[in-house]
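The next block holds one structure in the form of structure tokens; read it before the comments.
The values are calculated or read from the model by the stated rules, or taken from the named source; none is laboratory data. Just so it is clear, the structure is predicted and the values come from calculations on it, not from any experiment. Cβ coordinates were reconstructed from backbone atoms using ideal geometry, including for glycine residues, and neighbour counts include every protein chain displayed.
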Amino acid sequence: MLLTGKQKAAILLTTLDAATAAELLKGVDAATVQELAVELSYLDASGYRDTRQTAEVARQFCKSLQPEAGFHFKSFLRDMLHHSVGDDQAKQIQQEIQNLLQRRDPFLSIRSADLQTLAAVLETEHPQAVAVVLSELPPKRGSELLGLLGESVRVSAISRMTSIGSTTPEAKMRIAQLVQGRLEGAGSGPQAGAAVQVRPEQSLRQIAVLVRNLDKEVRDGVLEAIRQKDQEAGDKITNLMIIWEDLPSVSGRSMQQALRGTNERQLALALHEAPEDIVLKIKSSISERAATMVAEEASLMAAPKKDDVRAAQEKILSALRELNKKGELTFEE
């Protein structure tokens, strides 16, 4: 039997528990709910609804959501609205969605823009605008974009990222609109949408993560340029490339290298009240015998001094930073 759309929808509801199905039907008019119930009752009574049929409908639904199956959200949304409310109201709803997205996050489509095109657009923008865009990108894409920019633009933008926290949401909105307009002129993507405030204390760390992901030669050049302008800021950025919270993402091999020469007592101190993921990371990077000895050392500790704990953690961080300086530190995705 060839199932209709409503019959498939009815069968899909049976794959959920009653409470979840009821939640999905909230807001659906009573007539539609009744039609779904009738279809489901018919399929059940006629014997068409069985385990195999239900599994096949669920499989088709899941497959339709896979990108390789050709599922395109925008066309799906457009067609759904067209069939539900008609062309005129569908266009109005889509415009309202666009306006809402733009108010919520004006950098939304800039984040997904082609990096080559974005770099070409930013090359001629004021460094402050480049800095704002960089601060709104995920670290990996931000690092890739930095690598595509000219050296002078790159250094100027990074220098200005230290003051991003003072940029008002209104200014960020204007920058987003300007860059988005130029991207559209260059043929890169649709419109996007309120600016995310970056607290001042986040700025140097954000810069550090961006710089950390650059190729070693480019990274060293950027750091040297920053130090020439502000030695203290350059040193802080260097240290902030690797902080204690980064340990879970450090590759196992790099962690093993960094822990060489660190005795069990130092490791026990460093792991005192540490988050579970950091404890697991370090213990998985040492031998089983060493991990047992670390646990024994920890059991003998009463209440270690905070300065001792910090010093032990700093020893590990220093080793990781030295690897990073040599270009030998790697991270897990």
Some residue of the stretch 101-110 being hydrophobic (A, V, I, L, M, F, W, C), modelled with pLDDT under 75 and under 20 Å from the mean Cα position of the chain (by Cα)
yes
If you go through the stretch 92-113, how many residues are charged (D, E, K, R) and exposed (fewer than 14 other Cβ atoms within 10 Å of the Cβ)?
3
Would you mind listing the helices (runs of 4 or more DSSP H) fully within the stretch 15-69 where at least 1 residues are over 30 Å from the mean Cα position of the chain (by Cα) and at pLDDT 80 or above?
18-24, 30-46
Inside the stretch 284-329, can you point out the residues that are β-branched (Val, Ile, Thr) and surrounded by 14 or more Cβ atoms within 10 Å (Cβ to Cβ)?
ILE286, VAL294, VAL309, ILE316
Restricting the search to the stretch 82-97, which residues are in a helix (DSSP H, G or I) and more than 24 Å from SER109 (Cβ to Cβ)?
HIS83, SER84, VAL85, ASP87, ASP88, GLN89
Exactly one condition in (1) within 30 Å of ARG160 (Cβ to Cβ); (2) at pLDDT 90 or above is false for SER285; which is it?
(1)
Any chance THR292 is polar (S, T, N, Q) and under 30 Å from VAL155 (Cα atoms)
no
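A quick yes/no check of all residues on (1) under 20 Å from GLN177 (Cβ atoms); (2) part of a helix (DSSP H, G or I); (3) among the hydroxyl-bearing types (Ser, Thr, Tyr):
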{"site": "GLN116", "(1), (2), (3)": "no, yes, no"}
{"site": "VAL121", "(1), (2), (3)": "yes, yes, no"}
{"site": "THR124", "(1), (2), (3)": "yes, no, yes"}
{"site": "ALA129", "(1), (2), (3)": "yes, yes, no"}
{"site": "VAL132", "(1), (2), (3)": "yes, yes, no"}
{"site": "GLY147", "(1), (2), (3)": "no, yes, no"}
{"site": "VAL153", "(1), (2), (3)": "no, yes, no"}
{"site": "SER156", "(1), (2), (3)": "no, yes, yes"}
{"site": "SER159", "(1), (2), (3)": "no, yes, yes"}
One residue from THR238, THR330, THR262 being over 29 Å from MET161 (Cβ atoms) and among the β-branched types (Val, Ile, Thr)
THR262
